[in-house]
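The values are calculated or read from the model by the stated rules, or taken from the named source; none is laboratory data. Keep in mind that this is a model prediction, so the values were computed, not measured. Reconstructed Cβ throughout: ideal geometry from the backbone, glycine too, with neighbour counts over all protein chains shown.
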Amino acid sequence: MSEHESYAVFFHATALDALGDAIKPYLSDGPAGQHVQCVGLDTGGAFCEMNIHSQNANGKSIEIELMVPTAMIRMIVSTSDGNAGFGFT
């Protein structure tokens, strides 16, 4: 299996409600629903660790590690290009 550059992580609706405003800055909207777009993923424990590329207030590129309980995740979709948008046509 080939290695993927990007992942779209979808959450259960109740998880989005429970996470509330804390998850909103990391969510992307798309035709398939709200998801977190990340460049690295580790699902090997009680928490799913997601690596996200972002920018700080000064515009400097930074990498953020976001961790949520694995039970909150509904589906993970791997995408082949981390720079492209994710969705269905």
* What pairs can you find where one residue is in the stretch 59-80 and more than 26 Å from residue 18 (Cα to Cα) and among the small types (Gly, Ala, Ser), the other is at pLDDT below 95 and loosely packed, with under 13 Cβ neighbours inside 10 Å, and their Cβ atoms are less than 8 Å apart, with a gap of 6+ or different chains? -> 61/54; 61/55
* Structure fact -> From the option list 15, 84, 22, single residue qualifying as at pLDDT below 90 and aliphatic (A, V, I, L, M) is 84
* To do: Within the stretch 35-66, count every residue that is within 14 Å of residue 76 (Cβ to Cβ) and outside any strand (DSSP E or B).
  => 3
* Asked: Among the residues of the stretch 70-81, how many are modelled with pLDDT of 85 or more and surrounded by fewer than 13 Cβ atoms within 10 Å (Cβ to Cβ)?
  -> 2
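Take the residues in the stretch 20-58 that are among the aliphatic types (A, V, I, L, M) and free of Cβ contacts under 8 Å to residues at least 12 places away in the same chain; name whichever of them is surrounded by the most Cβ atoms within 10 Å (Cβ to Cβ).
Among residues in the stretch 20-58 that are among the aliphatic types (A, V, I, L, M) and free of Cβ contacts under 8 Å to residues at least 12 places away in the same chain, the one surrounded by the most Cβ atoms within 10 Å (Cβ to Cβ) is 27.
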* Are there any pairs with C-beta distances below 9 angstrom linking a residue in the stretch 4-19 that is under 17 Å from residue 43 (Cβ atoms) and surrounded by 16 or more Cβ atoms within 10 Å (Cβ to Cβ) to a residue that is among the charged types (D, E, K, R) and modelled with pLDDT under 95, with the two at least 6 apart or on different chains, and if so which? -> 6/81
